[in-house]
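Asker: First the structure, which I've put down as structure tokens, then a few questions once you've had a look.
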Amino acid sequence: MTMDTTDLYQRALSELTTGHPDVAEKCLVRRLHGVPDDRHALLILGHALRQQGRPAEAVAIYQRLLQIEPAHGDGLYHLANTLKELGQGESAMQVLRQLLEHHPNHAEGLTTLGAMFAEHGQLDSALPLLERAVAIDPGLAQARHNFGVVLGLCHRLAEARLQLEAALRLRPDYADACYNLATILGMLHLPDEAARFYRRALEIRPDHVSAITNLALLLQKQEQLSEAIALFRKAIGLRPSSPEAYNNLGLALQDDGQSGPAAVMLRHALRLKPKYVEALNNLGKTLFDSGRFRQAEACFSEALDEQPQKAELHANLGALLQAAGRCDEALACFEVALLLDSGSEYARYNRGTTLLSAGRWIEGWPDYESRWAVRGQTPRAHCRPPWNGTALSGKTILIWAEQGLGDMIQFVRYAPALKAQGARVVVECPPHVVPLFRSAPGIDQIVTEGDRIPAYDVHCPLLSLPGQLRTTIETVPADIPYLRAPSEHIERWRHALGEDSRFRVGVAWRGSPSHAHDHWRSVSLESFAPLAAVTEVALVSLQKGPGHEEVTQFNGHLSVRHIAEDGPLDEAESLLSTAGLMCCLDLVICVDTAVAHLAGALGRPVWVALPAVPDWRWLKRGNTTPWYPSMRLYRQRKLGNWKGVFARMARDLRRRKRRAAVAER
């Protein structure tokens with residue numbers, strides 16, 4: 001018994017539908033042997049061959065169909081798609097144009113041709129085709145999707161979002177629509193919504209590498225680094241030969257403080273793609289942050305050999321040279337970066353801090369205003385204009401806090417200078433700083449952040465005051481002390497410390513972990529061991545927050561006294577309490593944190609341990625600072641080597657203690 005040709009065709013359709021294209025092919029060949037000009041059989045045979053990964057043979061079948069019927073719409077459409085699969089884009093576009101000549105309302109043909117124009121960057125040609133496809137067939141999800149993608153490329157984001165959402169209503173399992181909608185939502189600054197649709201794309205298609213990568217990048221920006229790193233590793237598992245995947249993982253590891261593993265990933269990216277400028281740049285930054293300056297310089301230099309016109313590379317090399325103390329070379333790099341990209345705030349800011357570090361303050365202050373852009377911030381909006389240094393007589397100026405506690409303490413000193421110009425001075429600061437600042441001279445009123453601000457004429461952030469007043473090293477306002485501890489706190493600490501005759505040294509060893517270079521400035525309490533070994537010296541902890549637990553950790557071999565407060569204190573009381581304790585000590589020794597500024601502003605003797613790459617305010621060299629006459633600076637001679645710093649401190653502490661003992665006799 002033999003199957004007739006009609007039954008063969010129906011069986012072929014069934015086999016193709018159920019995933020057996022090879023069986024379908026055999027049925028169709030037999031059908032065509034009997035009916036060689038069967039257009040439907042030829043079309044389905046082309047599909048069967050494509051499903052088996054034989055596109056070239058499918059092209060021949062579609063062409064055979066078109067010889068029989070040159071205007072066959074589906075034949076032209078599928079021939080174009082198959083040619084596209086084979087990388088024959090120009091031929092595919094030619095066939096699509098032919099299709100639209102015969103069938104101008106073929107929505108799928110309009111959709112595909114529009115997408116191909118977009119792939120070639122011809123957005124003006126793509127948009128009308130896709131808009132027409134959507135108008136002809138509003139229920140065609142692919143048309144909605146492609147139209148949305150092209151609208152996004154044209155930065156018509158709200159319209160793009162609407163089209164992609166429509167595509168997903170038509171096809172909820174459309175992974176690419178989820179992915180592209182997530183991308184648009186990210187561009188609309190809706191990161192949580194973007195993450196939701198990236199995750200939805202991955203539920204539909206777990207191996208969607210672009211969705212994995214973009215979700216990881218989004219999480220990295222949100223500092224959800226553990227999940228971002230896991231996703232980047234998943235992307236590498238799917239594309240182990242992708243240098244971009246290793247580069248992305250390297251950056252995430254660096255953000256997570258894993259400089260060693262980050263460097264390994266970035267070097268692997270470079271093995272896969274030598275001269276990969278982005279990886280060279282990122283490896284340079286990683287090595288720089290790790291203190292391996294020579295290797296970092298080699299990376300930046302190699303990247304510059306490949307792309308000498310890339311401003312970012314000159315700026316990064318300049319930052320490295322600045323940290324290495326090669327200021328003239330650094331300034332030259334920043335100048336080149338700004339010539340190539342006058343809008344590079346990073347280069348401008350670093351040029352400013354380099355000039356400030358070198359003591360060239362009048363030149364450096366204007367560039368220091370770029371700090372806002374570098375930190376990804378914008379100055380707060382105010383209803384009155386910023387102060388630009390003009391006369392203040394009879395005016396009210398609002399000065400407001402920015403950055404950290406140490407910066408607030410350091411620059412509130414400028415209030416008397418403004419008062420001397422005839423201004424009424426209003427200071428806005430966080431609530432916990434208000435009680436401390438009540439002792440500062442020159443302030444007429446203090447308001448808390450978020451409270452109603454009184455009427456004022458001009459405003460100025462605290463760290464812009466030195467520039468507006470054209471401060472030089474010789475003109476720093478240093479009428480010390482300009483802050484005072486309340487007498488009740490001083491008396492309470494005198495009682496708590498008792499009649500201990502030893503030389504009392506307050507110590508603080510860690511700053512805020514969120515500081516960009518905290519790994520360079522903070523130390524372990526164990527670094528203070530040489531000071532604890534000095535006879536007749538009592539170390540007293542001033543450490544607050546992270547690091548205070550080390551007092552008990554090292555208690556067995558490093559004696560540091562921690563005196564518990566009388567009950568829990570809020571931030572404001574804690575700050576006043578610390579000030580009171582400092583006034584009962586003979587000396588404060590600390591790293592570069594707010595503790596140093598508070599001790600200096602109180603006029604207390606204070607020694608500060610500085611990294612080899614200190615903040616601009618401490619200048620490049622010298623053991624004194626114009627900001628605080630009672631402060632002595634101890635600088636690393638080699639980045640990361642604290643041993644020599646604390647050995648010198650211990651030596652000088654012995655001398656100071658001896659002088660104090662002689663003075664008491």
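The values are calculated or read from the model by the stated rules, or taken from the named source; none is laboratory data. This structure is a prediction, so every number in the text was calculated from the model and none was measured. Backbone-built Cβ (ideal geometry, glycine too); neighbour counts: all protein chains shown. Heavy atoms of the whole protein, side chains included, go into the accessibility calculation; ligands, DNA and RNA do not. Shrake-Rupley method; radii C 1.70, N 1.55, O 1.52, S 1.80 Å.
Asker: For the stretch 433-499 and the stretch 149-202, compute the distance between their C-alpha centroids and round to whole Å.
Answerer: Taking the Cα centre of the stretch 149-202 as reference, the centre of the stretch 433-499 is 50 Å away.
Asker: Follow-up. Suppose the chain between residue 7 and residue 478 were pulled fully straight at 0.36 nm per residue; how much longer would it get relative to their current alpha carbon spacing? Intermediate values should be presented prior to the final figure.
Answerer: Values: separation 471, 0.36 × 471 = 169.56 nm, distance 10.06 nm.
Computed gain between residue 7 and residue 478 is 159.5 nm.
Asker: How far apart, in nanometres, would the label points at residue 67 and residue 94 be if each is projected 7 angstrom from Cα along the Cα-to-Cβ direction?
Answerer: 1.8
Asker: All other residues with a Cβ under 13 Å from the Cβ of residue 547 taken together, and with Lys, Arg as +1 and Asp, Glu as -1, what is their net charge?
Answerer: Once positives and negatives cancel, what remains is -1.
Asker: Further question on the same structure: Multiply the residue gap between residue 624 and residue 189 by 0.36 nm, knock off their C-alpha separation, and tell me the result in nm, one decimal place.
Answerer: Working: separation 435, 0.36 × 435 = 156.60 nm, distance 4.67 nm.
Result: 151.9 nm gained on full extension.
Asker: Could you tell me which label, among [x] 41; [y] 69; [z] 56, carries the value of percent of Cα pairs over 37 Å apart calculated for this structure?
Answerer: Of the labelled values, this structure produces [z].
Asker: Would you rank 265, 116 by solvent-accessible area, highest first, keeping every protein chain in place and using a 1.4 Å probe? Write out the running numbers ahead of the final one.
Answerer: Numbers: 265 35, 116 5 Å².
Largest accessible area first, the residues go 265, 116.
Asker: Quick check: at a probe of 1.4 Å, how many percent of the accessible area of the stretch 280-332 sits on carbon and sulfur atoms? Don't skip to the answer; put the middle values down first.
Answerer: Numbers: 980 of 2190 Å².
So the carbon and sulfur contribution to the accessible surface is 45 percent.
Asker: Rounded to the nearest 10 degrees, what's the angle between the helix 643-664 long axis and the longest principal axis of the chain, both from Cα atoms, 0 to 90?
Answerer: The angle comes out near 20 degrees.
Asker: Summing +1 for each Lys or Arg and -1 for each Asp or Glu, what net charge is found among the other residues whose Cβ lies under 13 Å from the Cβ of residue 225? Mind dumping the intermediate values first?
Answerer: Working: positive: 221, 233; negative: 223, 227, 255, 256.
Value of the local net charge: -2.
Asker: Starting from the Cα-Cα distance between residue 574 and residue 501, subtract it from 0.36 nm times their residue separation and give me the gain in nm to one decimal.
Answerer: 23.7 nm
Asker: Rolling a 1.4 angstrom probe over the protein chains, ignoring ligands and nucleic acids, what is the accessible area of residue 476 in square angstrom, nearest 10?
Answerer: Using a 1.4 Å probe on the heavy atoms, I get roughly 20 Å².
Asker: Shifting gears a bit: Pop out the carbon and sulfur fraction of the accessible area of the stretch 444-521 as a percent, whole number, probe 1.4 Å.
Answerer: The C+S portion of the solvent-accessible surface of the stretch 444-521 is 46 percent.
Asker: Which value, in Å² rounded to 10, gives the accessible area of residue 159 with a 1.4 Å probe and all protein chains present?
Answerer: 80
Asker: Report, to the nearest 10°, how far helix 175-187 tilts away from the longest principal axis of the Cα atoms in the chain, using its own Cα long axis and a range of 0 to 90°.
Answerer: Helix 175-187 sits roughly 30 degrees off the main axis of the chain.
Asker: Now a separate question. Over the heavy atoms of residue 562, what accessible area does a 1.4 Å probe trace out, to the nearest 10 Å²?
Answerer: Approximately 110 Å² for this residue.
Asker: Can you give the angle from 0 to 90° between the axis of helix 5-17 and the longest principal axis of the chain, with both taken from C-alpha atoms, to the nearest 10?
Answerer: Rounded to the nearest ten degrees, it is 10.
Asker: Run the reach check for residue 310 against aspartates and glutamates, Cα to Cα strictly under 14 Å, same-chain hits fewer than 8 apart removed. What comes back?
Answerer: 278, 302, 335, 341
Asker: Rounded if a/c is under 1.5, else prolate if a/b beats b/c, else oblate: with a ≥ b ≥ c from the C-alpha gyration tensor eigenvalues square-rooted, which is the stretch 429-571?
Answerer: In terms of gyration-tensor shape, prolate.
Asker: Below 27 Å, Cα to Cα, which lysines can residue 234 reach? Residues fewer than 8 away in the same chain don't count.
Answerer: Counting by Cα, and skipping residues close in sequence, residue 234 has these lysines nearby: 221, 273, 275, 285.
Asker: When the solvent-accessible surface of protein heavy atoms is calculated with a 1.4 angstrom probe, in what order do 207, 289 fall, highest first?
Answerer: 207, 289
Asker: Enumerate the aspartates and glutamates that residue 395 could reach by cross-link, defined here as Cα to Cα under 18 Å, with residues fewer than 8 away along the same chain left out.
Answerer: 428, 444, 457
Asker: Moving to a separate point now. Per-residue counts of other Cβ atoms within 10 Å, averaged by peptide: what ranking do you get for 589-598, 648-657, 76-85, highest first? Intermediate results must be reported in sequence, preceding the final value.
Answerer: Details: 589-598: 25.6, 648-657: 17.1, 76-85: 21.9.
The packing order, highest mean first, is 589-598, 76-85, 648-657.
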